[in-house]
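Trainee: Quick one: the structure is below, and I'll ask about it shortly.
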Amino acid sequence: MNRISERHVMLAVTAVVLMVLFFGASMRFDGFSSPFVIADLFNETAFLGITAVGMTLVIISGGIDLSVGSVIGFTTIFVATMISDNGMNPVLVWAAALALGTGFGCMMGALIQVFKLPAFLVTLGGLFFARGMAFSIKKESVQIDHPLYDAVGDIALPIGGGASLSFPAILFLILIAIVVVIAHRTRFGRNLYAIGGSEDSSLLMGLPVTSTKIGVYTFNGFCSALAGIAMTIYMDSGNPINAVALELDAIAVVVIGGTLLSGGTGLVAGTLLGILIYATIYQITYFANLPASLATISIGTLLLIFILAQQSLRRLR
């Protein structure tokens with residue numbers, strides 16, 4: 001089975017799982033298929049979705065990034081402190097946060113690729129560094145009270161029935177659309193798939209392996225900072241403990257979305273489905289009045305099933 005077929009098989013499996021979960025829950029619970037619930041699937045997971053989009057490209061390239069949750073936490077407290085305590089313009093603070101996140105991702109990518117260091121260990125170091133920097137700014141939550149945040153919080157896209165998508169959810173969907181084009185319609189995207197499939201072969205083919213891998217970590221740093229900004233808009237606050245272990249959730253939804261952890265295979269659209277599966281499972285536990293721990297157990301079980309399915313498909317190549 002070639003890689004293109006494998007991608008679409010995994011995407012189809014993910015889509016079937018989502019449909020079974022959603023329509024099964026819709027038949028079991030009154031109001032589950034209402035526009036408000038559908039909107040919540042996007043609104044409550046927008047910052048996770050933004051993170052997962054960047055993580056998808058990293059994993060497709062054959063890498064991993066464990067620092068994203070800490071970068072999000074750092075971004076939220078940095079943004080909140082600069083706006084609330086220092087009185088800075090939010091737009092300037094957002095630009096600074098995006099620059100810091102992008103630069104941090106670029107630095108990790110350079111360490112990984114130029115010095116041939118393991119991505120797991122470099123980004124693990126980045127996890128501790130970014131979280132430590134977050135606590136060095138402020139050790140407690142900071143509330144954001146600014147007219148621009150009130151205005152942005154009022155931005156919504158109606159989807160019918162009185163429900164609407166929030167600004168972070170809109171941002172997530174726009175990012176998905178952009179990254180689909182990058183991954184599947186540009187030379188950079190084609191290089192990512194080739195490098196994830198076999199870095200040695202890509203080098204022999206003369207592909208720009210170093211610049212491409214540094215570029216994908218740079219972009220992932222940008223996505224992490226953007227997710228942090230989205231979180232401040234969603235919560236109207238920043239906290240150094242925000243997004244603890246969110247990198248694990250991001251990796252889980254990427255894998256559930258059909259992206260191989262070994263690299264070279266995956267679709268950004270699959271990550272969108274993975275996010276919706278993740279959100280649907282949590283909505284089911286809420287409607288059924290079950291402990292949230294059951295949602296975590298379900299996601300873990302589903303993740304293991306998808307890993308086994310991926311391994312089975314690899315044997316059929």
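Computed from the coordinates by the stated procedures, all read-outs in this text should not be read as laboratory data. The structure presented is a predicted model; accordingly, all values stated were derived computationally and were not measured. For neighbour counting, all protein chains shown are included, and Cβ atoms are generated from backbone atoms with ideal geometry for every residue, glycine included.
Trainee: Can you tell me the relative contact order of the range 64-192? Whole percent, Cα pairs under 8 Å, sequence separation 6 or more. Walk me through the numbers before you get to the answer.
Mentor: Details: 104 pairs, mean separation 38.0, N = 129.
Across the range 64-192, relative contact order equals 29 percent.
Trainee: Per residue of the range 138-145, what does 6.51 cos²θ - 1.76 cosθ + 1.60 with θ = phi - 60° give for ³J(HN,Hα)? Whole Hz please, x for Gly and Pro, Karplus curve as stated.
Mentor: Result, rounded to whole Hz: 7, 9, 9, 5, 10, 7, 9, 10.
Trainee: I would also like to ask the following. Can you put Cys106, Cys223 in order, fewest other beta carbons within 10 Å first? Each step should come with its number before you reach the end.
Mentor: Numbers: Cys106 18, Cys223 31.
Fewest-to-most ranking of Cys106, Cys223: Cys106, Cys223.
Trainee: Go through Leu92, Thr51, Phe23 and say which Cα lies farthest out towards the positive end of the charge dipole of the range 1-135; charges sit on Cβ, +1 for Lys and Arg, -1 for Asp and Glu.
Mentor: With unit charges placed on the Cβ atoms, the residue in question is Thr51.
Trainee: Further question on the same structure: Computed from the coordinates I sent, Cα extents along the principal axes in Å equals one of (i) 55, 43, 38; (ii) 55, 36, 36; (iii) 54, 51, 33. Tell me the label.
Mentor: (iii)
Trainee: Give the cross-link partners of Lys213 among the lysines, using a straight C-alpha distance below 18 Å as the criterion and excluding same-chain residues fewer than 8 apart.
Mentor: Once the sequence-local lysines are set aside, what remains near Lys213 is Lys116.
Trainee: Could you tell me how far the Cα centroid of the range 1-78 sits from the Cα centroid of the range 188-224, in Å?
Mentor: Using only Cα atoms, the two centres lie 23 Å from each other.
Trainee: Same structure again: Gaussian network model of the chain, Cα springs within a sub-10 Å range: biggest mean-square fluctuation belongs to which of Leu303, Leu204, Leu261?
Mentor: Leu204
Trainee: Pop out the ³J(HN,Hα) list for the range 34-43 in order, Karplus 6.51 cos²θ - 1.76 cosθ + 1.60 with θ = phi - 60°, rounded to Hz; leave Gly and Pro as x.
Mentor: Values, residue by residue: 5, x, 5, 5, 4, 4, 5, 4, 8, 5 Hz.
Trainee: Please report Met133, Met10 as a ranked list, fewest other C-beta atoms within 10 angstrom at the top and most at the bottom.
Mentor: Numbers: Met133 18, Met10 25.
Arranged by neighbour count, lowest to highest, Met133, Met10 become Met133, Met10.
Trainee: What value, in deg cm²/dmol to 500, does the helix sum -39500 (n - 2.57) over DSSP H runs of n ≥ 4 give at 222 nm once divided by the residues of the chain? Don't skip to the end; give the middle numbers.
Mentor: On the way: 14 runs with 236 residues, N = 317.
It lands at -25000 deg cm²/dmol.
Trainee: Between Thr265, Thr75, Thr301, find the one with the highest GNM mean-square fluctuation for the chain; connect C-alpha pairs within less than 10 Å.
Mentor: Thr301
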